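A.B. asks: The following block contains the structure, expressed as structure tokens.
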Amino acid sequence: MVAKLQLRIRCAELKKMDVLSESDPLVQVLLRQRTPTFVEIGRTETLKDNANPDFQTVITVNHVFNELQELKFLVQDSDGRQMELIGEAEVTVGTLLTLPGHRFVGDLIDTAHKKRRGVIFVTATPFVTEWQLTYDINFRGEKLDKKDFLGKSDPYFCVFRKEEGVVDSHAWTKVYESEVVMNTLDPKWKTMTIADTALCGGKPDTPLRIEVYDWDRNSAPDLIGVTTTSLTALKGLVQSPVGLELINPKKAEHGNTVHGIKLFAGKYVNSGVLRVDACSIRPRPPTFLDYLSGGLDLGIVLAVDFTGSNGLPKEASSLHYIDPSGRGLNQYQSVILSVGNILSCYDSDQQFPAYGFGATIRDRTSHCFPLNGPEAAPECHGVTGIMAAYQKAIHTYPLAGPTFLAPVIRAAIDVAKRPSSNGRLQYTVLLIITDGEINDLPMTMDAIVDAADQPMSLIIVGVGKADFASMTRLDGDVQPVVSRTGKAASRDIVQFVAFRDFNPADPAALAAAVLAELPDQVVSYFESRKILPPAAPPVSLAAASLGPAPAAAYAPAPYPAGAPAMPYPQAGAPSAAPAPAPP
């Protein structure tokens, strides 16, 4: 999910860098995102002789939820020819969005001398296109081609938008993919809900291409047919006896033409018809960013596989082997850090329950025990606390088995059911890291069906070289998970990825993949319960520049737990002088 944010910046009590006058400050804004270095994304204007500048230049940054985004603010004294650093501060985009009023306040640090040289105030305002509309469109197919030898077809459709001025293979961008309707030639798909900006760039006559496929479990999908249209045309086809003919190019080689494609005269007419049952407009629905702006807490629950198939932790071949030199991370540590460092930005109390499963505890196999110890509370403070608890537990409890996931899912359900202690909306993310096949699949599917009714999602990362075929049954992208009683999961809440499918040197890519579906899962839960985002604290241009924020808004944002240490004291650390009151 990508959303635009506008950053407004002001500073206070900047150190005087010029001999005869106050400094002439400007702010450079840098971003580090999946790269080892920071890249400048914008800078403010220069304000002459000003120790308390309120900059008018607005810096735009794209918020990408499933990636760690670190912002650095360099406040410079500029004389037009060269710049001298006054001080700098850092914060992640995720942390910024969880602060009251989306306002970060931090000390400006002279990194060379480790001294405080002022304070920076950064306010983020979500950029919302007020004219954005949402369309609800209902499609159904009629007399589609039969593609399966023993059955009919399992059709789904994809919608592509034509990009202006692009003539190569990138001219069409996929904007929507439907669910699969099994074993039918006359499918009726769920409502397609999409913003007009995504569907057609806000231009109703933009060409659209709709491709209908037959889904196959063990092979690539088969194309049934293609049609071209536009949003304007779709509106005119609602309940019309005229539909959109689906043409298969391989079958259309001779004879008359439809949509510019030649047909077999007297033989091939089409591969079915796509009909539009409804096309309605409604106001923009709440977005994931709306819920974050309203104070949503994303809590992490961790579950680590302690079964014997991981190998003895003291042996270098073990998946749990911890390099005593600290130069490298095992796969479990890499997943905890890459995913945890992103999610922890969106949690207010930094208390994360962490469990193990499959170890021997008091001469018995335990399928759910706190990493802190069987008698201890499961909560760890921050990602660094999780890492410390894992490292201690892996050398304390003997590995055993088998692999049961239902108990840890049930424990996470209990966490998700707890009432919020701070009045915020809350959503729980269970991160399970495992090395093998599931030995309690029916019970696990029962637990997932129950979990789908709670404010929670499951992320499963498979480590090692095992066969993870059964994991695909837990991911409801194609078919919903069904319990032993026949109840289907109300939502798709499971995302599974195998660690081996990603470059170990790029853990950010794995984190981006496992978190990609989470924003939609969060929104789907709250929408299904008709829970709207709480009103976010109003942040106008005037308020961002001049008005005082609540006292809590001036608590400096902590640097994400577990992230690489900064080369200077973080905002809020003891400094040479107390932080000034808000000007």
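The values are calculated or read from the model by the stated rules, or taken from the named source; none is laboratory data. If you're wondering where the values come from, they're calculated on a predicted model, not measured in any experiment. Every residue, glycine as well, gets a Cβ built from its backbone with ideal geometry; the counts of neighbours run over all protein chains shown. Ligands, DNA and RNA are excluded from the accessible area calculation, which covers all protein heavy atoms including side chains. Shrake-Rupley method; radii C 1.70, N 1.55, O 1.52, S 1.80 Å.
A.B. asks: For LYS115, what charge total do you get from the other residues with a beta carbon under 14 Å from its beta carbon, if Lys and Arg give +1 and Asp and Glu give -1?
C.D. replies: +1
A.B. asks: Before anything else, pin down the relative contact order of the chain: Cα pairs under 8 Å, at least 6 apart, normalised by residue count, whole percent. Spell out each step's value before the answer.
C.D. replies: On the way: 1311 pairs, mean separation 81.3, N = 583.
With pairs under 8 Å counted, the relative contact order is 14 percent.
A.B. asks: Out of GLY201, LEU510, VAL58, whose Cα points farthest toward the positive end of the dipole of the chain (charges: +1 Lys, Arg; -1 Asp, Glu; placed on Cβ)?
C.D. replies: Comparing the listed Cα positions along the dipole, GLY201 ranks first.
A.B. asks: If one takes the longest principal axis of the Cα atoms in the chain, at what angle in degrees, from 0 to 90 and to the nearest 10, does the Cα axis of helix 331-343 lie?
C.D. replies: Roughly 80 degrees between the two axes.
A.B. asks: Moving to a separate point now. What is the calculated FRET efficiency for ILE41 to ARG327, with r their C-beta to C-beta distance and R₀ = 35 Å, to the nearest 0.05?
C.D. replies: 0.60
A.B. asks: Here is a further query. Shape of segment 262-311 from its Cα gyration tensor (a ≥ b ≥ c, root eigenvalues): rounded if a/c is under 1.5, otherwise prolate when a/b > b/c, or oblate? List each step's numbers first, then the result.
C.D. replies: On the way: a/c = 6.50, a/b = 1.61, b/c = 4.03.
Note, shape of segment 262-311 comes out oblate.
A.B. asks: Just in segment 183-257: which trypsin sites (Lys or Arg not before Pro) are loop by DSSP and have at most 12 other Cβ atoms within 10 Å?
C.D. replies: For trypsin sites (Lys or Arg not before Pro) across segment 183-257 that sit outside H, G, I, E and B with at most 12 neighbouring Cβ atoms in 10 Å, the list reads LYS190, ARG217, LYS250.
A.B. asks: A follow-up question, please. Size of the dipole of the chain about the Cα centre, Lys and Arg at +1 and Asp and Glu at -1 on the beta carbon, nothing else charged, in debye to 20?
C.D. replies: Working: 54 positive and 64 negative charges, 128 e Å.
Dipole of the chain, to the nearest 20 debye: 620 debye.
A.B. asks: Given labels modelled 7 Å from the Cα in the Cβ direction, how far is it in nm from THR232 to ASP205?
C.D. replies: Using points 7 Å along Cα→Cβ, the separation is 0.4 nm.
A.B. asks: Can you give me the long-range amide H partners of GLY202? Hydrogens built in the peptide plane at 1.01 Å from N, cutoff under 5 Å, separation of 5 or more residues or another chain.
C.D. replies: Counting only residues 5 or more places away or on other chains, the set is THR197.
A.B. asks: Work from the charge dipole of segment 443-514 (Cβ charges, +1 for Lys and Arg, -1 for Asp and Glu, about the Cα centre) and give the residue of ALA498, ALA451, THR485 farthest towards its positive end.
C.D. replies: THR485
A.B. asks: Moving to a separate point now. In debye to the nearest 20, how big a dipole does segment 184-342 give about its Cα centre with +1 on each Lys and Arg Cβ and -1 on each Asp and Glu Cβ?
C.D. replies: Roughly 480 debye, rounded to the nearest 20.
A.B. asks: Tell me the carbon and sulfur percent of the accessible area for the chain, rounded to whole percent, probe radius 1.4 Å. Mind showing how you got there, number by number?
C.D. replies: On the way: 14230 of 26150 Å².
Roughly 54 percent, rounded to a whole number.
A.B. asks: Positive end of the charge dipole of segment 87-245 (Lys, Arg +1 and Asp, Glu -1 on Cβ, about the Cα centre): tell me which of ILE109, ALA89, TYR176 has its Cα farthest that way.
C.D. replies: The residue sitting most towards the positive pole is ILE109.
A.B. asks: Would you compute, from DSSP H runs of 4+ residues alone, the mean residue ellipticity of the chain at 222 nm, taking -39500 (n - 2.57) per run and dividing by the full residue count, rounded to the nearest 500?
C.D. replies: Roughly -4500 deg cm²/dmol at 222 nm, from the helical runs in the chain.
A.B. asks: In debye to the nearest 20, how big a dipole does segment 1-94 give about its Cα centre with +1 on each Lys and Arg Cβ and -1 on each Asp and Glu Cβ?
C.D. replies: Here the size comes out at about 380 debye.
A.B. asks: Pull out a ≥ b ≥ c, the square roots of the eigenvalues of the alpha-carbon gyration tensor of the chain, then state rounded if a/c is under 1.5, prolate if not and a/b is larger than b/c, and oblate in the remaining case.
C.D. replies: oblate
A.B. asks: Here's a follow-up. Measure nothing but the geometry: give the 0 to 90° angle between the long axis through the Cα atoms of 406-417 and the longest principal axis through the Cα atoms of the chain, rounded to 10°.
C.D. replies: Roughly 60 degrees between the two axes.
A.B. asks: Between rounded, prolate and oblate, where does segment 432-542 land on the alpha carbon gyration tensor, with a ≥ b ≥ c its root eigenvalues, rounded for a/c under 1.5, else prolate if a/b exceeds b/c?
C.D. replies: Details: a/c = 3.26, a/b = 1.30, b/c = 2.52.
Since a/c reaches 1.5 but b/c is at least a/b, the shape of segment 432-542 is classed as oblate.
A.B. asks: Rounding to the nearest 10 and keeping the result within 0 to 90°, find how far the Cα-based axis of helix 382-394 lies from the longest principal axis of the chain.
C.D. replies: Approximately 80 degrees, to the nearest ten.
A.B. asks: With each label point set 7 Å from Cα along the Cα-Cβ vector, what nm distance links ALA376 and VAL478?
C.D. replies: Calculated label separation equals 4.3 nm.
A.B. asks: Sort 444-454, 359-369 for me by packing, meaning the mean count of neighbouring Cβ atoms within 10 Å per residue, highest on top.
C.D. replies: Ranking the peptides 444-454, 359-369 by packing returns 444-454, 359-369.
A.B. asks: Let me ask something additional. With equal scatterers on the alpha carbons only and no solvent term, can you work out the Debye log10 of I(q)/I(0) for segment 317-458 at 0.08 1/Å?
C.D. replies: Each listed q corresponds, in turn, to -0.22.
A.B. asks: Which of the trypsin sites (Lys or Arg not before Pro) found in segment 23-76 are in a DSSP loop and have at most 15 neighbouring Cβ atoms, other than their own, within 10 Å?
C.D. replies: The qualifying sites are ARG34, LYS48.
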